[in-house]
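Taking it in order: structure first as C-alpha cells, then the write-up.
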Amino acid sequence: MSADRPLIGVLALQGDVREHTAALTAGGARVLPVRRESELSEVDGLVLPGGESTTMSRLLETFGLLAPLRARIADGMPAYGSCAGMILLAEKVLDGRPDQHQLGGLDLIVRRNAFGRQVDSFEADLDFAGVDGGPVHAVFIRAPWVESSSPAVRVLATVPETTAAGAAAGRIVAVRQGAVLATAFHPELTGDLRVHRLFVDIVRGHESGSRRTTEER
Ligand code: GLN
C-alpha cells in the first residue's frame, strides 16, 4: 500500500463507475472496482457513485456487501458518496423506498429527489469549503439535498440563494463527517478534479494517521 497513491475502490454495482475511476486516477489514486467483499477489504477508501440508491441498496444485499460495507464505514474507512452515494451514506432518507438500506457514516437526514420530480437537473456554482481555486460548478441530476444534520457534520457547500434556485436555495449539498465526504452533485461529470483530489487527500491523511498510531504504540 502506498501512501502517495492510495488504493481507492469504486463501488461497481451500478452507476457512473467509469467517470469516478477516471477522476480518481487523474487525482493521483490507484483504483479498484469493488463488487465483492474480498475487493472491499483491499481498499484504503471507497467511492459510492451516483446512480439509483434503491437499486444500489438492493444490489449491495445481493452481492453480500451490505454488512461488510457498514462495518468498514463504522470502522473509519474513508468514503465519498456522490448523489445516490450520498443517500446511501445518510443515517436516514426521506422519500426513499421503505425497504431501502442505509449504510450510515453521515449523521444526517437526506431527502431523495429533493429538487422536485419535474426538475431532472439543475446546475449552480458553489463555494466549497476546503476546495481552493474558485467556485465548483455543480451538476445535480435527480439529486438529494440534506434536510437536517447533526453538529458532527461539517457543511462544505450550500446552494446559492438565487431566485433560479427556488426551493433549493440555501440547501446543504456537500458535507464531511470525519473521513466521510458526500456531494449531492456529480463532480465526476464536469472534468473538475478538485473534489476527487480532496477525497484522495482524505484517504492519504487517514493512512498517515493510522501509521502514526502504529508508531506510537
Ligand atoms: N435519484 C437517485 C436516487 O434516488 C439519485 C440520482 C443520482 O445519483 N444521479 O438514488
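For residue 47, are the conditions met, namely being within 16 Å of the ligand (Cβ to nearest atom), of a type in the set (Val, Ile, Thr) and touching a strand residue (DSSP E or B) at 6+ places or on another chain (Cβ under 9 Å)? Yes. Residues of segment 165-179 being outside any loop (DSSP other than H, G, I, E, B), modelled with pLDDT of 95 or more and surrounded by fewer than 24 Cβ atoms within 10 Å (Cβ to Cβ), which ones? Correct list: 172, 176, 177. Residues that are surrounded by fewer than 19 Cβ atoms within 10 Å (Cβ to Cβ) and among the aromatic types (Phe, Trp, Tyr) within segment 85-115 are absent altogether.
If the condition is being in a loop (DSSP other than H, G, I, E, B) and within 10 Å of the ligand (Cβ to nearest atom), then segment 99-115 contributes 100, 112, 113, 114, 115. As for segment 15-24, it holds no residue that is touching a helix residue (DSSP H, G or I) at 6+ places or on another chain (Cβ under 8 Å), at pLDDT below 95 and away from the ligand (no atom under 16 Å from the Cβ). For beta carbons closer than 7 Å, sequence separation of 6+ or different chains, a first residue in segment 119-145 that is without any contact (Cβ under 8 Å) to a residue 12 or more places away in the chain and a second that is aliphatic (A, V, I, L, M) and away from the ligand (no atom under 13 Å from the Cβ), the qualifying pairs are 135/126. Within segment 55-76, not a single residue is assigned to a loop (DSSP other than H, G, I, E, B), buried (at least 17 other Cβ atoms within 10 Å of the Cβ) and within 10 Å of the ligand (Cβ to nearest atom).
The number of residues in segment 77-98 that are touching an Asp or Glu at 6+ places or on another chain (Cβ under 7 Å) and within 13 Å of the ligand (Cβ to nearest atom) comes to 3.
The values are calculated or read from the model by the stated rules, or taken from the named source; none is laboratory data. All of these numbers come straight from a predicted model, not from anything done at the bench. Glycine gets a Cβ as well: all are built from the backbone with ideal geometry, and neighbour counts include every protein chain shown.
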